[in-house]
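Down below is the structure, laid out as structure tokens.
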Amino acid sequence: MAQHNSAVEQDLDVVIVGAGFAGLTAARELTRRGLAVRLVEARDRIGGRTWLDHRLGRDLEIGGTWVHWTQPYIWAELKRYGIGTVASPEPQRAFWWADGGRREGDPGALLDVIGRHNGEFTKESRTYFPEPFRPLATDAFKGIDQISVQDRIREQFPAGDARDILESFWTLNFNGPLEDAALTQALRWVALTNGDWAVNFEACATYKIQGGTAALAEAILEDSRAAVDYGLTVAGMTDDGGSVTLRSADGRTISARAAIVTVPLPVLGTIDFQPPLPPVKTEAAKRGQVSSGVKVWIRLRGEHAPFVALGKADWPLNFFQVEYTLDGDTIVVGFGPDATRIDASDAAAVQEQLARLVPGVDVLDVATHDWVADPLAGETWPMHRTGFLGNHLAAMQSGHGNVLFAGSDIANGWGGFIDGAIESGMEAAQAAASLLGPRSAARPAAREPVPQNPALR
Ligand SMILES: Cc1cc2nc3c(=O)[nH]c(=O)nc-3n(C[C@H](O)[C@H](O)[C@H](O)COP(=O)(O)OP(=O)(O)OC[C@H]3O[C@@H](n4cnc5c(N)ncnc54)[C@H](O)[C@@H]3O)c2cc1C
């Protein structure tokens, strides 16, 4: 692992904390501008909350997975590097819970049940977010900023099936409980697909990256030529007005003219910033996001026709979808809203949940990662709490002296997605370049020419 004790001799322009998609994108954008950049990463791999790992007999996405043509930043990256997408199998059967019992039908019937009520629930999305890629463009959202998804559903729909289905569907989307889930976040999501909730749902679980998220992460890193210091956990950062010095947990230091911090929101509070962050930032980090759930991969004995299954909002696992067949078995992905309510590495516990909805399943093995307990993540895909949009988003996006911030927690558009991470990395790189503008422009000869990307020839 590379170790660097003096940045002065390296003449670093920008040090970037975190080699997830936000950090990787920022690094590439800055090196393309001729700036000297270093990434520091606590893990021994790039990708952050995306992680393609070999489990249950094949490569599986343990974190972020699905991408979509409505997501401009990730789609452009895939085209840039000539990477395609692979569709998840079209479900042939659906299982859901209604009227206190299990229902089975064709997937269109389940979509109809969800759609009848969800269309009503989200119909004002463009009123509140006329420009979904600039969520703060108008004040329209302010009147609903303190309203939770749960309160709005319960106000709009009497107790019964409509309410149960909507609560389960949005619990799935938030990967957490709805009591404090921001209505603005739900409506903003749907505004990003022009108010069409079904396209939005398609965006969440239909197209995967060929070769996995790792293929894209590696392509961006290779293109950037930025060096990465692995195994370096940043414990503190001091900005003396002229440069920023990072301190690692094991006593290493790195200085650069500016820093970009891309750590997940709950992790921000573990870093000692000098001068200290303003209260608005520390308060947001302390509140964190709603996303405290689980994603689990399940190997089932035998081949099952592709199914989709939606249970109740308060079940430890409330959604399942078939993804692959493998050597005569079936691989299913499942989600639940609270990582503390199920040990998703326990095959028997997972079997119990899946069998509530899908008859005749025999769970052979499971694979998961507890992102919520992971000290470098603290959450799954970021989903805002009430009030975050109006009170915190702009403050979290703004720089702190020579320290800038990025990451999918604070993206403008598809915040919570890989797309948002990439967008925020681009924006932070632009901000860093303009912060360093006159100084970096004075030193272009020190840089190697950027080689042409072979994928573009
Ligand atoms: C289970 C799960 C499912 C998801 N599904 C999807 C999906 O289907 N589609 C989609 O688009 N998105 C999905 N997401 C969300 C998506 O993966 C993330 O929003 C995105 O990858 C975040 O990128 P980032 O760069 O902002 O943050 P991260 O990927 O979290 O990167 C931050 C990096 O900082 C590092 N770090 C943290 N603390 C320190 C420190 N002190 N010092 C040094 N390094 C540090 C971390 O190790 C990490 O590598 C999912 C996420 C999860 C967890």
What residue among G101, Q210, M237 has its Cα farthest toward the positive end of the dipole of the chain, where the charges are +1 on Lys, Arg and -1 on Asp, Glu, each on the Cβ?
M237
Restricting to the chain, compute how many DSSP beta bridges are antiparallel as a %, nearest 5.
70
Helix-only mean residue ellipticity at 222 nm, the chain, DSSP H runs n ≥ 4 weighted -39,500 (n - 2.57), per residue, nearest 500. What is it?
-9500 deg cm²/dmol
How high is the FRET efficiency between A227 and I147 when r is their beta carbon distance and R₀ equals 51 Å, given to the nearest 0.05?
0.65
Residue span D44 to E352: 0.36 nm per residue of separation minus Cα-Cα distance leaves a gain in nm of 107.4 nm
Positive-pole candidate from F174, I220, W189, dipole of region 94-235, charges at beta carbon
W189
The FRET efficiency for V86 and Q274, from their Cβ-Cβ distance with R0 = 45 Å and rounded to 0.05, is 0.45
Between R154 and L326, Cβ-based FRET efficiency (R0 30 Å, step 0.05) works out to 0.10
Just need log10 I(q)/I(0) for region 107-206 at q = 0.20, 0.24 Å⁻¹, Debye formula, equal scatterers on the alpha-carbon atoms, no solvent, rounded to two decimals.
-1.01, -1.42
Could you work out the per residue convex hull volume over the alpha carbons of region 190-345, in cubic angstrom?
211
Kindly write out, for region 81-98 in residue order, the coupling ³J(HN,Hα) from the Karplus curve 6.51 cos²θ - 1.76 cosθ + 1.60 (θ = phi - 60°), rounded to whole Hz, with x marking Gly and Pro.
9, x, 9, x, 10, 10, 7, 5, x, 5, x, 10, 9, 9, 10, 8, 10, 8
For the residue pair A249 and E179, what label-to-label distance in nm results when each label sits 7 Å from Cα along the Cα-to-beta-carbon direction?
3.1
Can you tell me the relative contact order of the chain? Whole percent, Cα pairs under 8 Å, sequence separation 6 or more.
25
Between region 251-274 and region 324-399, what is the separation of their alpha carbon centroids in Å?
27
Which value, in debye to the nearest 20, gives the size of the charge dipole of the chain about its Cα centre, when Lys and Arg are +1 and Asp and Glu are -1 at the Cβ?
1040
Kindly put H54, H369 in sequence by how many other C-beta atoms sit within 10 Å of each C-beta, fewest to most.
H54, H369
Furthest towards positive pole of dipole, I153, A349, L136, structure part the chain, Cβ charges
L136
Listing K79, K208 from the residue with the fewest other Cβ atoms within 10 Å to the one with the most, what is the order?
K79, K208
How far apart, in nanometres, would the label points at A373 and D59 be if each is projected 7 angstrom from Cα along the Cα-to-Cβ direction?
2.8
Cα pairs beyond 38 Å in the chain, in percent, come to 23
Relative contact order for region 107-206, counting Cα pairs under 8 Å that sit 6 or more residues apart, in percent:
39
Lysines whose Cα lies under 21 Å from that of K142, excluding same-chain neighbours fewer than 8 positions away
K123, K281
Need one number: % antiparallel among DSSP beta bridges in region 1-122, to the nearest 5.
70
If you place +1 on the Cβ of every Lys and Arg, -1 on the Cβ of every Asp and Glu, and leave all else neutral, what size is the dipole of region 107-206 about its Cα centre, to the nearest 20 Debye?
200
Amide H to amide H under 5 Å from F319: which residues, 5+ apart in sequence or cross-chain, H placed 1.01 Å off N in plane?
G311, F335
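Just so you know, all these numbers are worked out from the coordinates, no wet-lab data involved. Because the structure is predicted, anything quoted here is derived from the model rather than measured. Heads up, the Cβs are rebuilt from the backbone with ideal geometry, glycines too, and the neighbour counts pull from every protein chain shown.
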